[in-house]
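Reading through the structure tokens given below for one structure.
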Amino acid sequence: MSPHRILARNMQFEQLVLVAMLSIDPLTKARRVFILEKHIPNVIEGQSYDELKRIAHSMNSRSNSDICAKYVINKGEDNKYTIVRDDFGKITQIKGIHYIQSDCLIAAMNHYADTERITVTQTI
């Protein structure tokens, strides 16, 4: 499944590239959404959309991204999904029921942006 990528601004008006990725545990089959902040070159203000897209689509590793938040996708009745945020044991239920997992990625990203007061500028 393709990750959900956005260009955003934080409270200090710095531009960020955030990525919501789906991860499935091979043993338990548990589905998790990780929100990653991509490390980007000095200033991305003047960069073209194509360059921002290249940065956002580059491979995620420990050297170029940090995990900001973790969400867990729960499969409910009628193949519908719910999401909870797991912050070191503090569980927060995210409102809404989603029909496909890609909607869960978007909902997790929107929740993270709202709670961290990040303004979404554009989807990449």
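The values are calculated or read from the model by the stated rules, or taken from the named source; none is laboratory data. Please read all numbers here as calculations on a predicted model, not as lab measurements. Cβ placement follows ideal geometry from the backbone for every residue including glycine, while neighbour counts extend to all protein chains displayed.
Condition check ((1) in contact with a Lys or Arg (Cβ under 8 Å, 6 or more places away or on another chain); (2) acidic (Asp, Glu); (3) part of a strand (DSSP E or B)) across all residues:
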site	(1), (2), (3)
ASP78	no, yes, no
ASP86	yes, yes, yes
ILE91	yes, no, yes
GLY96	no, no, yes
SER102	no, no, no
LEU105	no, no, no
ALA108	yes, no, no
ALA113	no, no, no
VAL120	no, no, yes
Inset, instruction - Go through region 76-96 and give me each residue that's surrounded by 12 or more Cβ atoms within 10 Å (Cβ to Cβ), within 25 Å of SER2 (Cβ to Cβ) and modelled with pLDDT under 90. - result: ASP86, ILE94, GLY96
Inset, instruction - Answer yes or no: is there a residue in region 46-58 that is at pLDDT 80 or above, in a strand (DSSP E or B) and under 18 Å from THR123 (Cβ atoms). - result: no
